[in-house]
1. Considering each of B:71, B:82, B:102 in turn, give the residue that is more than 10 Å from every other protein chain (Cβ to nearest Cβ) and crowded, with 22+ Cβ neighbours inside 10 Å.
2. Could you tell me how many of the residues in the range B:35-68 are more than 14 Å from ligand 2 (Cβ to nearest atom), away from chain A (no Cβ under 14 Å) and in contact (Cβ under 8 Å) with a residue 12 or more places away in the chain?
3. Need the failing condition index for residue B:109 against (1) touching a residue at least 24 places away in the same chain (Cβ under 8 Å); (2) away from ligand 2 (no atom under 16 Å from the Cβ); (3) hydroxyl-bearing (Ser, Thr, Tyr); (4) more than 14 Å from every other protein chain (Cβ to nearest Cβ), just the number.
4. Given (1) away from ligand 1 (no atom under 12 Å from the Cβ); (2) among the hydrophobic types (A, V, I, L, M, F, W, C); (3) within 14 Å of chain A (Cβ to nearest Cβ); (4) without any contact (Cβ under 8 Å) to a residue 60 or more places away in the chain, identify the lone condition not met by residue B:87.
5. Can you name every one of the helices (runs of 4 or more DSSP H) wholly within the range B:254-312 that holds 3 or more residues which are within 12 Å of chain A (Cβ to nearest Cβ)?
6. Is there any pair with a first residue in the range A:69-89 that is within 30 Å of residue B:27 (Cα to Cα) and a second that is among the hydroxyl-bearing types (Ser, Thr, Tyr) whose Cβ atoms are under 8 Å apart and which are 6 or more apart or on different chains, and what are they?
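Only the coordinates and a few stated rules stand behind these numbers; no lab work does. Predicted model only: the values in this text are computed from it and were never measured. Note that each Cβ is placed from the backbone with ideal geometry, even for glycine, and that neighbours are counted across all protein chains shown.
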Amino acid sequence: MSDKNKNWPLWEVFIRSRQGLGHKHVGSLHAADAEMAIGNARDVYTRRQEGVSIWVVPADKIIASAPEDSDALFDPANDKIYRHPTFYVLPDEVNHM
Amino acid sequence: MNATQEKLREEFDAYVAKDKKIEPKDWMPDGYRKTLIRQISQHAHSEVVGMLPEGNWITRAPSLQRKVILLAKVQDEAGHGLYLYSAAETLGVDRADLIDDLLSGKAKYSSIFNYPSLTWADMGAIGWLVDGSAIMNQVPLCRCSYGPYARAMTRVCREESFHQRQGYSIMMELMKGTKDQIDMAQDALNRWWWPSLMMFGPSDKNSTHSSQNMKWNIKRFSNDELRQRMVDMTVPQAELIGLKIPDPDLKWNEDTGHYDFGEIDWVEFNNVLSGNGPCNNERLEARNKAHDDGAWVREAALAYAEKKKTKE
Ligand SMILES: [Fe+2]
Ligand SMILES: [Fe+2]
């Protein structure tokens with residue numbers, strides 16, 4: 001049966017679906033090296049022209065924010081409604097602003 | 001469960017009840033995680049084992065076009081398995097362990113793939129009915145509360161409708177053919193009809209996991225509801241091309257607006273589920289052989305990658 005040290009590492013896959021759009025995370029796969037990861041990503045995630053460019057990143061190299069920190073990271077923006085245009089009430093006569 | 005755990009659990013249930021999504025690093029109850037690991041990995045195994053009955057006919061497809069179509073379909077099923085293993089791994093399990101459980105016979109996969117594919121018409125019946133039932137089961141999973149599973153299912157469902165259509169088109173073509181071809185199509189329907197209806201699982205009276213999974217938005221509709229939909233959808237499709245559904249109790253019910261249909265053979269259902277179907281052993285042997293035969297490739301690729309790394 002499988003020996004842990006013999007398993008191919010995990011890669012996260014990001015695909016640009018067409019020129020003009022950013023790469024988007026689509027899933028992960030296992031591959032022995034980066035080159036194989038690109039080849040496998042092509043076979044697994046772009047069988048129907050879903051992409052024009054592929055990024056693969058070793059899964060253990062990704063640094064993510066922790067859900068516990070969400071409040072500290074994202075809440076402060078909640079009370080800064082003046083950052084949104086709807087905060088400012090303008091006279092009806094003003095158009096195109 | 002201590003007080004904090006209980007509070008987290010309550011918050012979780014309330015959050016999920018609002019139809020919100022859970023992502024891999026979020027807190028989740030153990031039961032939720034376990035249920036998902038079991039369901040997603042079983043689902044992945046089913047996609048992988050599901051390649052076998054159809055793989056059996058790739059070399060014998062009746063035309064080059066049918067061969068490339070079947071090849072593409074089987075390749076999609078491999079892809080589905082991989083999307084799903086990827087989703088399962090976000091829950092903190094190792095793919096190699098999941099595959100070990102499949103190979104050792106510890107893990108389950110869909111019983112439908114323990115039936116043999118005897119003729120070319122089976123490729124029609126499988127695409128039309130087996131993929132058809134799978135779609136019926138899978139579409140609601142695109143809205144599952146667990147993000148990675150829902151996203152994987154969205155990809156899967158996008159690809160499935162081609163599978164069902166190519167199957168029905170095989171049946172259509174056979175039904176336009178000679179008497180032998182028509183008989184072959186009818187025979188395939190006769191053998192695959194009931195197993196396809198069994199794919200929805202035990203009847204609601206005997207289903208064990210359902211209510212908790214409904215609360216967690218992992219499951220949206222009951223087994224019997226989905227099975228009824230499959231029958232209602234498929235009967236007219238069969239009639240349209242002159243096939244007869246092998247069920248003497250089948251009849252349209254004006255009052256309910258649904259078809260009434262006969263009782264499933266639950267003895268056979270349990271028998272195949274517990275490992276005594278016609279192909280249970282053959283399927284596991286084929287998977288084990290493929291895994292063992294590929295061992296040297298996996299090792300060689302890793303050795304090559306390591307050698308390249310040390311050179312850099
Ligand atoms: Fe599939
Ligand atoms: Fe399929």
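1. Numbers: B:71 fails: crowded, with 22+ Cβ neighbours inside 10 Å; B:82 fails: more than 10 Å from every other protein chain (Cβ to nearest Cβ).
Just a single option satisfies the conditions, and that option is B:102.
2. Our first condition is that a residue be more than 14 Å from ligand 2 (Cβ to nearest atom); within the range B:35-68, this holds for B:35-42, B:45, B:56-68.
So of that shortlist, the ones also away from chain A (no Cβ under 14 Å) come out as B:35-39, B:41-42, B:45, B:56-67.
If we keep only those that are in contact (Cβ under 8 Å) with a residue 12 or more places away in the chain as well, we get B:35-37, B:39, B:41-42, B:45, B:56-58, B:60-62, B:66.
Final tally of qualifying residues: 14.
3. Failing condition for residue B:109: (2).
4. (4)
5. On the way: elements: B:266-271, B:280-293, B:295-311.
It comes to B:280-293, B:295-311.
6. Taking only residues 6 or more apart or on different chains, the pairs are A:73/A:65.
For (1) under 14 Å from the mean Cα position of the chain (by Cα); (2) within 15 Å of ligand 1 (Cβ to nearest atom); (3) surrounded by fewer than 21 Cβ atoms within 10 Å (Cβ to Cβ), each residue gets a yes or a no:
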{"residue": "B:144", "(1), (2), (3)": "no, no, no"}
{"residue": "B:152", "(1), (2), (3)": "yes, yes, no"}
{"residue": "B:158", "(1), (2), (3)": "no, yes, yes"}
{"residue": "B:180", "(1), (2), (3)": "no, no, yes"}
{"residue": "B:200", "(1), (2), (3)": "yes, no, no"}
{"residue": "B:203", "(1), (2), (3)": "no, no, yes"}
{"residue": "B:207", "(1), (2), (3)": "no, no, yes"}
{"residue": "B:210", "(1), (2), (3)": "no, no, yes"}
